[in-house]
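Have a look at the structure below, then the notes.
The values are calculated or read from the model by the stated rules, or taken from the named source; none is laboratory data. Please read these numbers as outputs of a predicted model, since none were measured by experiment. Here Cβ is always computed from backbone atoms with ideal geometry, including for glycine, and neighbour counts include all displayed protein chains.
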Amino acid sequence: MAEALTTQEQLAVEEFLGEVRSREQPHSAGLVSQPTAVKFLMARKFDVSRAIDLFQAYKNTRIKEGIININPDEEPLRSELLCGKFTVLPGRDAKGAALALFTARLHRPDVTTHKAVLQAIIYQLDKAIESVQTQRDGLIFIYDMTNSSYGNFDYELCVKILNLLKGAFPARLKCVFIVSSPLWFRAPFAVLRLFVREKLRERVCTVKAHELASHIPVSSLPEHLGGTSQYSHVAWIQSCVNTHTNTVQGDTQEHDTQDCVGSLLRSYSLECSNTSAGATLSHTQINTQLGSELAVANSNCYDDSNANPHNHCGVGNHQHWNGSAVSVANMAVSGSSPNANMNGCGRQAPPQSDTPPDTPLSQKVDGDAVDVEATDSAHSSQNDDVKEDGRKRGVPPLPQKSLPRPPHQPTSQSPPLSSSWGPDDEDSCMEASIHMPEHGGMTVHDLVEHVKRKKKKGIYQEYEEIRKEPPAGAFDYSKKLSNQIKNRYSDVLCLDQSRVRLCQLCDDEDETSDYINASFMDGYKRSNAYIATQGPLPKTFGDFWRMVWEQMVLIIVMTTRVVERGRVKCGQYWPLEEGRTEQHGYFLVRNTHIQVFQDFKLSHLELYNTQSGERREVCHYLYVSWPDFGVPKSASAMLDFREHVLQRREAAVQSLGSSWTGPPGGPPVVVHCSAGIGRTGTFCTLDICLSRLEDIATVDIRQTVRRMRTQRAFSIQTWDQYYFCYTAVIEYAQRHGKLSPVQWSDSDLETDSE
């Protein structure tokens, strides 16, 4: 039963609904109900402004993850709900907060998707906050890592869940308990630990299983966490379905009572008129088939010998989250093992995307593939920042192209930019670079003799001498606690003196909103020719595109694939398919055209600033021919790739014409791999050395790498990358007639130990 509201609270509800409805399109304005308003207001203590922000964050999270419709009858959500990975426990803490449990050992990243897991969590939490007590007293989240392994760990999913709970769900998150395992204190869990602590501060506790009882009543905890509760996850799911079934069979005037903003989001869909007739959920099916499904599941689920048979199985009455008892006698699985309900998948694993985990998934409607995130990005255009009168759906047409302005913030290593450049200004730009034409170095013939004389072992020792040199500065800003979670790798940081500084977000509570793990690096005779950066994390996508915009970047060079050797090396921060648009922060990124070459892909992107209404074009290069292990046997593909990038950069700068008032070389080129030091350093080293070779016919690879590391510490990550730079310069010289073909003997190439 709903709790009676005071007059002041009722006024807040009316103000909330009026504000939300004023922001929506006319055909969607009435789809946010009073119960939904109360949920968001209760979560923010009836502060209307904060409740509106929470509503927008929740809606945008659903749109971003493609969670438009939540139907428990459909796969893969059905299997997620039955497997017991996430559940709401029947008990509460001493102050009345609900308890939600995520069992890490049941998560299989290889057989599910982030979208399915988040759907299951949102579906269950929506049911939990039907309880007025939960709305009032909040929620405790228990992340149980006991008996889990690396195979169960999914960092990016953890971050998405915590972001949802912390700032995008209509319930107060009172505390997060991390039930630790030995893995928790090792990488990559250390990164997650930092993220959790920074995100939730005093509201996170890392405990061992038996220590939970000192925080939560024993009667509310499962046995394997030190309690006495013999809860049934199946009964909980049954009660969720029953609740929804009763509602859809009764009064449905308040559209989204059972799914916050569900009806609103469905109203955005371009297929709304075609699918509305079939949108009614058949919940009776899941009611009648649930028991038999679980019986089948018994023989198909992967083993989890650590499962507590009393936690997820059992016959009798289950104490429901709102205090009512739900009979589950008909839910018993005759002869089932203790594992049956834990992983009650019993069905073929949900189809996986051919693209990496961060890549938007697709769904099928009436036999045709519909790009969910492309549609969702169109939906998000109806938010305040992207409204256009008279347009009901879709991304608004991008306005007339704007030309980049000179950088607002010169770095400590570059001179202030004047309003115009003359013919003589190239010299001052050259002098600002740490890579200058100078005496010394080696001709290509000297280089060949150097490699033959030193052999691989000698080149390795040369690299070791460089590697042992201490960093040329401090990493204080990267080490700030609030910035550590923005670093992909905890030991790959930015030097303070060369880091790229973003414009401070004046409306952001984060004082470090100017931070991104990116460093300015000089090119040959060019100051700030490159920005070397890490592969963006999902949480830094907005920061990345903010950097691209603020630095007027025209070219992005990506030298890693999104996933290599089964590991995510970089987030999918740009739309993968032609015609798709995604929103990151206040930028819309549209992939207008893709060119596929033998060794790389070129995506032509349009970057639209929803705040200023300007748009720009950015070329995104993805180099796909770097092997998973080591370095390429031949530099031919990399040399062709570099040549294409240079030609594209020159054309892009020329297209700016007289409107470009910055350095003659144009804006910096963003170069990144995963950490932003290995392949990134290799690409930049080659570009610098080959530019110098063309200019003064000498190279100095050793000095180039040493100087580069003063701006992006640890550039060139391995000795074979360093050796590759030597062989690539030699191969380039041969291709361009500067050197006759070199005959290498085995003794020239192999180390003494080989």
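Any residue in the range 467-481 that is within 30 Å of Gln611 (Cα to Cα), surrounded by fewer than 16 Cβ atoms within 10 Å (Cβ to Cβ) and touching a strand residue (DSSP E or B) at 6+ places or on another chain (Cβ under 8 Å)? Checked the range 467-481: at least one residue is within 30 Å of Gln611 (Cα to Cα), surrounded by fewer than 16 Cβ atoms within 10 Å (Cβ to Cβ) and touching a strand residue (DSSP E or B) at 6+ places or on another chain (Cβ under 8 Å). Checking Leu82, Leu89, Leu101, Leu118 one by one, the residue that is among the aliphatic types (A, V, I, L, M), over 17 Å from Leu164 (Cα atoms) and at pLDDT 90 or above is Leu89 and no other.
Restricting attention to the range 443-492 and to residues that are among the aliphatic types (A, V, I, L, M) and within 30 Å of Lys160 (Cα to Cα), the residue that is modelled with the highest pLDDT turns out to be Val492. The sole residue among Val624, Val653 that is in contact with a Gly (Cβ under 6 Å, 6 or more places away or on another chain), surrounded by fewer than 20 Cβ atoms within 10 Å (Cβ to Cβ) and in contact (Cβ under 8 Å) with a residue 12 or more places away in the chain is Val653. Scanning the range 651-684 for residues that are of a type in the set (S, T, N, Q) and more than 19 Å from Pro627 (Cα to Cα) yields a count of 5. Just checking, does the range 678-693 include any residue being at pLDDT 90 or above, buried (at least 24 other Cβ atoms within 10 Å of the Cβ) and outside any helix (DSSP H, G or I)? Among the residues of the range 678-693, not one is at pLDDT 90 or above, buried (at least 24 other Cβ atoms within 10 Å of the Cβ) and outside any helix (DSSP H, G or I), which makes the answer no. All conditions in (1) hydrophobic (A, V, I, L, M, F, W, C); (2) under 23 Å from the mean Cα position of the chain (by Cα); (3) modelled with pLDDT of 85 or more; (4) assigned to a helix (DSSP H, G or I) hold for Leu212, with the sole exception of (2). Restricted to helices (runs of 4 or more DSSP H) entirely inside the range 1-115, those with at least 2 residues that are hydroxyl-bearing (Ser, Thr, Tyr) are 7-23, 48-64. Residues being in contact with a Phe, Trp or Tyr (Cβ under 7 Å, 6 or more places away or on another chain) and either outside the structural domain of Asp720 (by TED's automatic domain parsing) or within 30 Å of Ile730 (Cα to Cα) (or both): count how many of those fall in the range 643-664. Of the residues in the range 643-664, 3 are in contact with a Phe, Trp or Tyr (Cβ under 7 Å, 6 or more places away or on another chain) and either outside the structural domain of Asp720 (by TED's automatic domain parsing) or within 30 Å of Ile730 (Cα to Cα) (or both).
The C-beta contact set for the range 551-573 (first residue free of Cβ contacts under 8 Å to residues at least 24 places away in the same chain, second residue surrounded by fewer than 20 Cβ atoms within 10 Å (Cβ to Cβ) and assigned to a loop (DSSP other than H, G, I, E, B), distance under 9 angstrom, 6+ apart or interchain) comprises Gly566/Asp110.
Those residues that are crowded, with 19+ Cβ neighbours inside 10 Å, among the hydrophobic types (A, V, I, L, M, F, W, C) and assigned to a helix (DSSP H, G or I), I need them from the range 694-716; list them, please. Hits for the range 694-716 are Ile701, Val705, Met708.
The residues listed here are Leu588, Leu607, Leu639, Leu656; of these, the one that is out of contact with any Ser or Thr (no Cβ under 8 Å at 6 or more places or on another chain) and assigned to a strand (DSSP E or B) is Leu607. Kindly indicate which of Thr581, Thr592 is surrounded by 20 or more Cβ atoms within 10 Å (Cβ to Cβ) and hydroxyl-bearing (Ser, Thr, Tyr). Step by step, each of Thr581, Thr592 is checked, and only Thr581 is surrounded by 20 or more Cβ atoms within 10 Å (Cβ to Cβ) and hydroxyl-bearing (Ser, Thr, Tyr). Close Cβ contacts (under 6 Å, 6 or more residues apart or on different chains) running from residues in the range 475-496 that are in contact (Cβ under 8 Å) with a residue 24 or more places away in the chain to residues that are charged (D, E, K, R) and in a loop (DSSP other than H, G, I, E, B) comprise Tyr477/Asp496. Within the range 220-249, residues that are over 18 Å from Ser131 (Cβ atoms) and assigned to a helix (DSSP H, G or I) reach partners that are charged (D, E, K, R) and at pLDDT 85 or above with beta carbons closer than 8 Å, at six or more positions or on different chains, in the pairs Leu225/Asp144. Entry remark, the range 580-607: residues being in contact (Cβ under 8 Å) with a residue 24 or more places away in the chain and either under 24 Å from Lys486 (Cβ atoms) or out of contact with any strand residue (DSSP E or B) (no Cβ under 7 Å at 6 or more places or on another chain) (or both) number 12 in total. Pick from Asn147, Asn163: which is over 22 Å from Lys115 (Cα atoms), in contact with a Ser or Thr (Cβ under 8 Å, 6 or more places away or on another chain) and not small (Gly, Ala, Ser)? Among Asn147, Asn163, only Asn147 is over 22 Å from Lys115 (Cα atoms), in contact with a Ser or Thr (Cβ under 8 Å, 6 or more places away or on another chain) and not small (Gly, Ala, Ser).
As for the range 482-497, it holds at least one residue that is assigned by TED's automatic domain parsing to the domain that holds Ala432, surrounded by fewer than 15 Cβ atoms within 10 Å (Cβ to Cβ) and in contact with a strand residue (DSSP E or B) (Cβ under 9 Å, 6 or more places away or on another chain). Report whether or not Thr680 is in contact with a strand residue (DSSP E or B) (Cβ under 6 Å, 6 or more places away or on another chain), over 14 Å from Pro470 (Cα atoms) and in contact (Cβ under 8 Å) with a residue 24 or more places away in the chain. Answer is yes for this residue.
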